[in-house]
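> Got a structure here, written out as structure tokens. Questions coming.
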Amino acid sequence: YFGSLRLNDEFITTVQQRGAAIIKARKLSSALSAASSACDHIRDWVLGTPEGTWVSMGVYSDGSYNVPPGLIYSFPVTCRNGEWTIVQGLQIDDFSRKKLDATADELSEEKSLAYSCLN
């Protein structure tokens, strides 16, 4: 999952800009794409993932892959009977580790900011 994909800056930039690319190409909002992804997410969660497969899903971190506990983070998961389980033991290369850590740092900052607004 994390380590098996050789991600480079061009690929990451493309993924980060996908919403803008959809709007530019279709001259429409990317909302349909987001709605489709939400449907896929709920389908996998409720109906389960096929045996031997997993999906990426934003779930509460339990500390897996050194992501701070309590963050909502995208993990490889399997789903069964309406419950999700984080897949353990996938190899992470150095490049991916740095990206994962940077994302966790950013999410931690956003979480702190959100909580500060509640006071």
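> How many of the residues making up the stretch 18-42 are open to solvent by 100 Å² or more (accessible area, probe 1.4 Å) and at pLDDT below 70?
Quick first cut of the stretch 18-42, residues open to solvent by 100 Å² or more (accessible area, probe 1.4 Å) only: 18, 24, 26-27, 32.
Among the residues that remain, those that are also at pLDDT below 70 are: 18, 26-27.
Count: 3.
> Which members of the stretch 49-67 meet the condition of being among the small types (Gly, Ala, Ser) and surrounded by 16 or more Cβ atoms within 10 Å (Cβ to Cβ)?
Just the residues of the stretch 49-67 that are among the small types (Gly, Ala, Ser), to begin with: 52, 56, 58, 61, 63-64.
Of everything in the stretch 49-67, those that are among the small types (Gly, Ala, Ser) and surrounded by 16 or more Cβ atoms within 10 Å (Cβ to Cβ) turn out to be SER61, SER64.
> For the stretch 73-111, give me each residue that is at pLDDT below 95, under 20 Å from SER37 (Cβ atoms) and among the aliphatic types (A, V, I, L, M).
LEU107
The values are calculated or read from the model by the stated rules, or taken from the named source; none is laboratory data. Keep in mind that what you see is a predicted model, and the values were worked out from it rather than measured. No Cβ is skipped: glycine too gets one built from the backbone with ideal geometry, and neighbour counts run over all protein chains shown. Accessible surface areas use protein heavy atoms only, side chains included; no ligands, DNA or RNA. Shrake-Rupley method; radii C 1.70, N 1.55, O 1.52, S 1.80 Å.
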